Structures are given as C-alpha cells and as structure tokens.
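Accompanying notes for the structure given below.
The values are calculated or read from the model by the stated rules, or taken from the named source; none is laboratory data. Just so it is clear, the model here is predicted, and its values are computed rather than measured. All Cβ positions, glycine included, derive from the backbone under ideal geometry; neighbour counts span all protein chains shown.
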Amino acid sequence: MVKAPVNKIIPFSNVDGPGNRTSIFFQGCPFNCLFCHNPETIHLCRNCGVCVKNCPVGALNIDADYKVIWNREKCVQCDTCIKVCPHDASPKIQWMTVEEVMKEVRRASPYIAGITTSGGECTLQNEFLIELFSNVLKLGKTCLIDSNGSFDFEADPRVLKVSEGVMLDVKAVEKGWNDELISFPRDIVLKNLDYLLQIGKLYEVRTLIFPNRDRENEETVRYVAEHIRDRCFYKIIRYRPYGVREKNRKRIGEFETDLDYAERFAALAREKGATKAYVV
C-alpha cells in the first residue's frame, strides 16, 4: 500500500489553479531555495525532540521508538515546533494512503473543480500521484501539478497522462543567479519548460521578482516570455520575506518587492509576447 508524507490539505483554495480546488501539500523538496517561505516542508522530521521540549501545550511527545508523535487534538497551530526546528522539517506531517487522501477530496468534491498537488515538491511522490489522480478523475474532477521542475516529465510522462497540466516555477535562467538562489541545476527546469509547452501541458509559469535585481529579473522574465508567448499564464510574483529563514533574509532581502517594480517586468513579459502575464 503506497503512502506519502502529507504536510497539509487545504479543502478549498482559489489560488492554486482554475476554480475552487483542494490543495494537497506533500513533505520533502530537493531544492533549498534561499527565499523559501515554507522551509518546514523541505526535510522529513529527524525526531531530534527539540520541538517536543518547546511545544507550549504538550501536543508533541516521543514514543517508545524514539519518534516524535503529534497530537492533533491538543495542537493549537501556533507553529512553535516549526519555528524552533533546526532541520527545516515539521513534526505535523501525516503518512497517508491514497484512500485517506481521497476521503478528504470526496468530502470537498461537490464544491471543487479539482485538486492541485504541491509541496515541498509533490513529484517526489510520483507513484502516489499517479494512483491519486486516477481516482480523482473518476469523480469527474481535474488534477494539476504545482512543481519546481526538478522531475523529468519527458523521461517519465505517466503522471501527465492523468493530469490536466503543470504549474511550473522558473526561478532563474542565468546559471550564476540560479546557483546563488537554489541548490539544484536549472537545466532540467528549462527542459521541462520546453517539453510541457510542446505537449500542451503547461498551465502556468511562475517567476519570483526580487528587489534591486534588475538584470537577473529581466533575463529570466525575457527568456520565459519569449518561450511561452500566449500559450499559458505567466504569474509574476513579488518577493515577500514572510516565512523566509532569518539568515537568508539578510542575504536576499528584508523587504517585499514594490508593486510598481514588479509591474515593470509584467509589462516586459507582455511586450515579449506573454500576453497572459500578471502580478501577484
């Protein structure tokens, strides 16, 4: 029986694809982005016990096997455990079967257009996604993948056969800027951009705009816009420091990207043919 580490499930979301959707966030990510706003999704819990000592309501304990156990009923969602974790993890994940996730989807089913899987990086759970999407399709709902582009969709296209498409992050095009931002080569991401466009499975591309990084922002936006043109949405996202690790905020920025500054790059994208570019 296939199980996957689920960080959380949001029954109703209107920012994760078309219509109202159930968003499922999986734990684990091969990137270590300098600007990550939810770093608690990067690694699995190491059961070090730091969170147990700091939980203000006693919702965390260590069992006889020296594993951290989360008591959902006692938890007040203060996120102290996440803030004190030294390993970019969370003790609140649940290892769920496809049927357990489907129970949540069915509960929301009358009110949603479909589901979106995210993370972390959901494609680390590729076999789970294939089974999950196959079940969701039987409900007459659509399935979207929110991905950082680390999975080679061309090498293993099975999940795309049961998916409406992919919402793809293109964080940086220039190699030096990419290597400064994340600990993962950009080549596979750019390969996925071309492949998903080619087969008509690219729903949306997202690029984060950083303050005072004119050249780096322009290179990425120009490259993406000239590739996608009017074939999918292009979401220009303003950098916001909320949730970013303190040591990283000092490197990447303490303040959010100004709206007018971000709009400059959305205008550039539209000028280069990406007519569906907009700022969030």
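Scanning region 82-107 for residues that are in a helix (DSSP H, G or I) and free of Cβ contacts under 8 Å to residues at least 60 places away in the same chain yields 82, 83, 84, 99, 100, 102, 103, 106.
Quick one: is residue 31 surrounded by 15 or more Cβ atoms within 10 Å (Cβ to Cβ), in contact with a Cys (Cβ under 6 Å, 6 or more places away or on another chain) and either within 25 Å of residue 180 (Cα to Cα) or assigned by TED's automatic domain parsing to the domain that holds residue 210 (or both)? No; evaluated as a whole, the condition is false for this residue.
For region 238-261: of the residues being among the aliphatic types (A, V, I, L, M) and surrounded by 16 or more Cβ atoms within 10 Å (Cβ to Cβ), which is farthest from residue 166 (Cα to Cα)? The extreme case among them is 252. Entry remark, region 98-155: residues being surrounded by fewer than 18 Cβ atoms within 10 Å (Cβ to Cβ) and on the phi > 0 side of the Ramachandran plot number 1 in total. Total residues in region 234-261 satisfying the condition of being more than 21 Å from residue 224 (Cβ to Cβ) and assigned to a helix (DSSP H, G or I): the figure is 6.
Scanning region 174-194 finds one or more residues that are in contact (Cβ under 8 Å) with a residue 24 or more places away in the chain, surrounded by 19 or more Cβ atoms within 10 Å (Cβ to Cβ), part of a loop (DSSP other than H, G, I, E, B) and of a type outside the set (D, E, K, R).
For region 207-225, give me each residue that is of a type outside the set (A, V, I, L, M) and either crowded, with 23+ Cβ neighbours inside 10 Å or under 21 Å from the mean Cα position of the chain (by Cα) (or both). I'd like the intermediate steps shown before the answer.
So the first thing to find is which residues in region 207-225 are of a type outside the set (A, V, I, L, M), and the list is 207, 210-220, 222-223.
207, 210, 217, 220 - these are the residues of region 207-225 that are of a type outside the set (A, V, I, L, M) and either crowded, with 23+ Cβ neighbours inside 10 Å or under 21 Å from the mean Cα position of the chain (by Cα) (or both).
Report yes if some residue within region 212-224 is more than 21 Å from residue 263 (Cα to Cα) and assigned to a helix (DSSP H, G or I); otherwise report no.
Restricting attention to region 212-224, the residues satisfying the condition of being more than 21 Å from residue 263 (Cα to Cα) are none.
No, every residue in region 212-224 fails to be more than 21 Å from residue 263 (Cα to Cα) and assigned to a helix (DSSP H, G or I).
From the residues in region 262-280 that are part of a helix (DSSP H, G or I) and small (Gly, Ala, Ser), which one is surrounded by the most Cβ atoms within 10 Å (Cβ to Cβ)? Top of the filtered list is 269.
Going by the conditions given, is residue 3 surrounded by fewer than 19 Cβ atoms within 10 Å (Cβ to Cβ) and within 29 Å of residue 234 (Cβ to Cβ)?
On the way: surrounded by fewer than 19 Cβ atoms within 10 Å (Cβ to Cβ): yes; within 29 Å of residue 234 (Cβ to Cβ): no.
Here the answer is no, as residue 3 does not meet what is asked.
Residue count for region 127-155, restricted to those that are closer than 20 Å to residue 21 by Cα and assigned to a helix (DSSP H, G or I): 10.
Scoring residue 56 on the criteria (1) in the same structural domain as residue 242 (by TED's automatic domain parsing); (2) closer than 23 Å to residue 246 by Cα leaves a single failure, condition (1).
Out of 231, 206, I need the residue that is modelled with pLDDT of 95 or more, in a loop (DSSP other than H, G, I, E, B) and either basic (Lys, Arg) or farther than 22 Å from residue 16 by Cβ (or both). Which one?
Values: 206 fails: in a loop (DSSP other than H, G, I, E, B).
The unique qualifying residue is 231.
Any idea which of 57, 52 is outside any helix (DSSP H, G or I) and farther than 30 Å from residue 172 by Cβ? First the steps, then the outcome.
Details: 52 fails: outside any helix (DSSP H, G or I).
Answer to the check: 57.
Of the candidates 195, 223, 242, the single residue that is under 29 Å from residue 114 (Cβ atoms), among the hydroxyl-bearing types (Ser, Thr, Tyr) and at pLDDT 95 or above is 195. Annotation: residue 10 fulfils all but one of (1) buried (at least 18 other Cβ atoms within 10 Å of the Cβ); (2) part of a strand (DSSP E or B); the unmet one is (1).
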